[in-house]
Amino acid sequence: MKRRGNGEGSVSKLPDGRWAASALVQKPDGSYVRVKREAKSRAVAMARLEDAKRLAVAGCLGVGKIPTVGEHMDAWHRDTFTPHGRPTSIKTYRVVIDRLIAPGLGEVRIDKLNAPRLRQWIADLTKQGLAPKSIAMARSLLRQALDQAVDDGLILANPVTRTIKAPPARASIGKALTPEQARDLLDAAKGERLEAAIRLALGLGLRRGEVCGLRWEDVDMVGATLTVNGQITYSPDTGIQRTEPKTVNAARSIRMPAVLLGVLRWHQNRQIAEHRAMGWADPVYVFSRTSTGDALPPIAFYHTFKRIAATAGLSDFRLHDLRHSAASFLLAEGVSLKRVQQILGHARGSTTLNIYGHLLPGEDDDATERVQRRIDGKNAPPTMPEDGAAMG
């Protein structure tokens, strides 16, 4: 019987009926490593050994247990993403892994993933009626996790990169209020504790987490500017907390129109009086809980908005539609896409272009003033009380 040469490997049957294949392989640094793979059949064990040998020759470890996609995604989410991710993203990514990746690919070993298998996975998700944006997110997470698998020496190349594409996602502008509807909403919000919050979302396009994350130190009443440098988020594990802005560009300063500045002064006076009546320190956050005086949870803002919107006959609108409305008003006034990107805090100009590029752009430094005039119409609201004035 001919002896096998170095690196050719050997195969033997184990007491439990499985097959074990092993070989001594020389790595690029000149050292040798023994790689071993097991399987239910002789042929599969040898095939797995060949894969492991290629990894070892390429300088990868290839000696440990190769995880399945499900195992690797769990480890990546737990050890790589969660320590640095935002609470909402941690929760969202967990759902995407559990519902979109694991059912179709979870039992597949990462070194066995190939283009046909991945294309079939994308096709199956599409047949289920999932939105292209959701499929794109699932593909992105899988690609990120497999990039780490390459770095860790578990696989030679990432099969998702370049070869597998998600269905093209069409950006949606959502629903935007007309100026008349905006006025109806503001009429319904007049005198409400969160009137100023609704005006910030509608007039400046702030996200609800950004509205809730505003502190009084972020509001310059003299300079009439508002600085967005954080947001309030919630997760079952960490509860309510203030975190960094959604993106680098989300940290921004915005000039406030005179009407909005007056509303904020009125709101501040009422809020201070409310805190002092409860025996609390003066408020830190612009919008606070009535029960504790600390930051307002975004869900509470949402429920208040839905109640006010229903009163205004606008039940079909979401809180996030106020942001879409602000963008639409800005563009309708001829403000450039670049300026709208800055006001909304989009990370990339392409995001603004994809969502709002069908509207005609222009440029104007008085953008927020003119948006406020569009919202309020010809009849300006009554003058707000000055600082220190009595409140009704």
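The values are calculated or read from the model by the stated rules, or taken from the named source; none is laboratory data. None of the values given here were measured: they were computed from a predicted structure. All Cβ positions, glycine included, derive from the backbone under ideal geometry; neighbour counts span all protein chains shown. Ligands, DNA and RNA are stripped out before the accessible areas are found, and what is left, the full protein with its side chains, is counted by its heavy atoms. Shrake-Rupley method; radii C 1.70, N 1.55, O 1.52, S 1.80 Å.
Restricting the first residue to the range 238-255 and requiring it to be of a type in the set (S, T, Y), which pairs with a second residue that is in a strand (DSSP E or B) and surrounded by 14 or more Cβ atoms within 10 Å (Cβ to Cβ) meet a Cβ separation below 8 Å and a spacing of at least six or different chains?
T243/Q231; T243/I232; T243/T233; S253/T225; S253/L226; S253/T227; S253/V228
Among the residues that make up the range 326-338, is at least one of them open to solvent by 20 Å² or more (accessible area, probe 1.4 Å), closer than 25 Å to T233 by Cβ and out of contact with any Gly (no Cβ under 7 Å at 6 or more places or on another chain)?
No, the range 326-338 contains no residue that is open to solvent by 20 Å² or more (accessible area, probe 1.4 Å), closer than 25 Å to T233 by Cβ and out of contact with any Gly (no Cβ under 7 Å at 6 or more places or on another chain).
Considering the range 14-36 alone, what residues qualify as being farther than 16 Å from L49 by Cα, modelled with pLDDT of 80 or more and open to solvent by 60 Å² or more (accessible area, probe 1.4 Å)?
P15, D16
Restricting the search to the range 115-132, which residues are open to solvent by 70 Å² or more (accessible area, probe 1.4 Å) and under 16 Å from N158 (Cβ atoms)?
Listed by number, the residues that qualify are P116, R117, R119.
One residue is enough: does the range 285-304 have a residue meeting the conditions open to solvent by less than 10 Å² (accessible area, probe 1.4 Å), over 22 Å from the mean Cα position of the chain (by Cα), farther than 19 Å from L214 by Cα and not polar (S, T, N, Q)?
No, the conditions are met nowhere in the range 285-304.
Report whether or not A166 is touching an Asp or Glu at 6+ places or on another chain (Cβ under 8 Å) and assigned to a loop (DSSP other than H, G, I, E, B).
no
Yes/no matrix, rows are residues, columns are (1) within 16 Å of T290 (Cα to Cα); (2) out of contact with any helix residue (DSSP H, G or I) (no Cβ under 7 Å at 6 or more places or on another chain); (3) crowded, with 17+ Cβ neighbours inside 10 Å:
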position: A188; (1), (2), (3): no, no, yes
position: R193; (1), (2), (3): yes, yes, no
position: R199; (1), (2), (3): no, no, yes
position: G203; (1), (2), (3): no, no, yes
position: L206; (1), (2), (3): no, no, yes
position: V211; (1), (2), (3): no, no, yes
position: A224; (1), (2), (3): no, no, no
position: V228; (1), (2), (3): no, no, yes
position: Q231; (1), (2), (3): no, no, yes
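Which one of the conditions (1) under 17 Å from L204 (Cα atoms); (2) surrounded by 15 or more Cβ atoms within 10 Å (Cβ to Cβ); (3) touching a residue at least 40 places away in the same chain (Cβ under 8 Å) does A258 fail to meet, given that it meets all the rest?
Checking A258 against (1) under 17 Å from L204 (Cα atoms); (2) surrounded by 15 or more Cβ atoms within 10 Å (Cβ to Cβ); (3) touching a residue at least 40 places away in the same chain (Cβ under 8 Å), the one that fails is (2).
Would it be correct to say that E244 is on the phi < 0 side of the Ramachandran plot, at pLDDT 95 or above and out of contact with any helix residue (DSSP H, G or I) (no Cβ under 8 Å at 6 or more places or on another chain)?
no
Go through (1) in a loop (DSSP other than H, G, I, E, B); (2) out of contact with any helix residue (DSSP H, G or I) (no Cβ under 9 Å at 6 or more places or on another chain) for L319 and report which single condition fails.
Result: L319 passes all but (2).
Can you work out which of the residues in the range 149-168 that are open to solvent by 60 Å² or more (accessible area, probe 1.4 Å) and of a type outside the set (K, R) is modelled with the highest pLDDT?
Checked the range 149-168; the qualifying residue modelled with the highest pLDDT is A157.
Just checking, does the range 134-148 include any residue being among the small types (G, A, S), part of a loop (DSSP other than H, G, I, E, B) and surrounded by 15 or more Cβ atoms within 10 Å (Cβ to Cβ)?
no
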